[in-house]
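Values quoted throughout were computed directly from the atomic coordinates according to the rules given, and no laboratory measurement underlies them. Just so you know, these numbers come straight off a predicted model, no measurement behind them. So basically every Cβ, Gly included, is an ideal-geometry build from the backbone, and we count neighbours across all protein chains shown.
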Amino acid sequence: MTGPDSYVMMSIKPAREMYIEANPFLKSLKERSDEAAKTSNAELLKMSPQTREQIMQAKAFNVEDVTTGAQVGWKDGVDPEVVVTRIKENFKDEVLVLSPTKMGEQIDKASAIFNALILGSAMIALIVGGFSIINTMVMSISERTKEIGIKKALGASNRSIAFEYTAEAGIIGFLGGLFGMGLGVLMILLVNSKMAEKGAEIFLLSGSYLAGVIAFSFILGMLAGVIPAYRAAKMRVVDAIREL
C-alpha cells in the first residue's frame, strides 16, 4: 500500500503495448497509424492535399516515442554522479538527466513547501484554539464571580482556585482535541480508502502520535487557561461578595 507497490519490472515492448491499450487516446492513434500504413504512395497521390496530410500525420505515429523516460541503475561501489556525467557526455542535449542528488533536492523542495503549508495551518489553528479557550474561560469566570467569592469566603486558597480553573481549561482543550482528532482520523480513513484503490495510501496513523495529540491539546488548554485562572485567584472576596 505504498507508491512503489504500483511498479512492475518487465520488457519494454509489451509494456508499451499494454500502456497504449490502456490509454484511449494512444490506442486511437495506434489504430489510425495501422490503417494509414496500409495506404500506398500511389493511393496517396490520388487523395486531396488535406486528406494526404492527415494520412501522413497518422503514419508518423511511432510506438517507440510513447516512452519518453527511463531509469538507470549502477553497480555497487560506482558513484552515480559519474554515471550521470557519462550519460550527459554521450547524449549531450538530447536527454535530460537527473542524478539521485538532484532528484533528492527536488523532493526536499516539494516537501518543504508542503510542510510549510501544513505548519502554517497548524499555527493558525493553534492561535485560534488558544484564544478561543481564553475567551471561554474569561466569560466563564465573569459569570461565576459569586461562586468564586463564596469559595474564598469558605476558605478556598488562591492556589486551589487557580488550579481548579486551569484544570477546567485543560479539560476543555482535551475535549476539543479529542473531537478534532476524531474528525481528522475520519478524514484520513476516507482519503486512504480512496487512494488504496490506486495502491498509494497517503497518511499513516500512529497510536503514539494520536496520544501525543491528546496530551498536547490538554497542555494547550491549561496554558491558555493560566491568565483567566490567575485573574480568578486574585479576585478579592469583597468584590466577589458584592455580586451576591
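A compact table of results
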| quantity | calculated |
| --- | --- |
| Taking N as its residue count, the alpha carbon Rg of segment 134-227 over 2.2 N^0.38 Å | 1.57 |
| Theoretical FRET efficiency, 1/(1+(r/R0)^6), r = Cβ-Cβ of GLU197 and PHE25, R0 22 Å, to 0.05 | 0.45 |
| Surrounding net charge for LEU29, when Lys and Arg each add one and Asp and Glu each subtract one, Cβ distance under 14 Å | -2 |
| Helix-only CD estimate at 222 nm, as mean residue ellipticity for the chain, using -39500 (n - 2.57) per DSSP H run (n ≥ 4) | -24000 deg cm²/dmol |
| Contour excess over end-to-end distance, with Cα ends at TRP74 and GLU105 and 0.36 nm allotted per residue | 9.2 nm |
| Per-q log10 I(q)/I(0), the chain, q = 0.11, 0.12, 0.15, 0.17 Å⁻¹ (Debye; single scatterer per alpha-carbon; no solvent) | -0.88, -0.95, -1.14, -1.25 |
| Label-point gap, in nm, between MET18 and ILE87 - each point 7 angstrom along Cα→Cβ | 2.2 nm |
| Cα-based helix-to-principal-axis angle, 207-224 vs the chain, degrees rounded to 10 | 40 degrees |
| Between 0 and 90°, nearest 10: helix 100-143 axis offset from the chain longest Cα axis | 20 degrees |
| Relative contact order of the chain, defined on C-alpha pairs under 8 angstrom at six or more residues apart (%) | 26 percent |
| Mean separation of Cα contacts under 8 Å (6+ apart) over length of segment 15-149, as relative contact order % | 16 percent |
| Scattering profile of segment 1-95 at q = 0.16, 0.17, 0.20 Å⁻¹ [log10 I(q)/I(0), Debye over alpha-carbon scatterers] | -0.88, -0.93, -1.05 |
| Pair-distance profile P(r), taking every C-alpha pair of segment 58-105, with 10 angstrom steps and integer % | 21, 45, 22, 10, 2 |
| FRET efficiency estimate (nearest 0.05) - Cβ-Cβ, ALA215 to ILE127, R0 25 angstrom | 0.80 |
| Using a Förster distance of 25 Å, the FRET efficiency for ARG236-GLU143 (Cβ separation, nearest 0.05) | 0.90 |
| Over segment 93-184, equivalent-ellipsoid semi-axes from the Cα gyration tensor in Å | 52, 11, 10 |
| Members of LYS88/LYS109; LYS13/LYS88; LYS59/LYS102; LYS30/LYS194; LYS13/LYS92; LYS27/LYS75 lying beyond 28 Å, as alpha-carbon distances in this model show | LYS59/LYS102; LYS30/LYS194; LYS27/LYS75 |
| Nearest-ten-degree value, helix 24-37 long axis tilted from longest Cα axis of the chain | 10 degrees |
| 17 Å cut-off, amide nitrogen to a point 7 angstrom out along ARG32 Cα→Cβ, residues in segment 66-100 | 66 |
| Mean Cβ count within 10 Å, highest first, over the residues of peptides 105-118, 165-178 | 165-178, 105-118 |
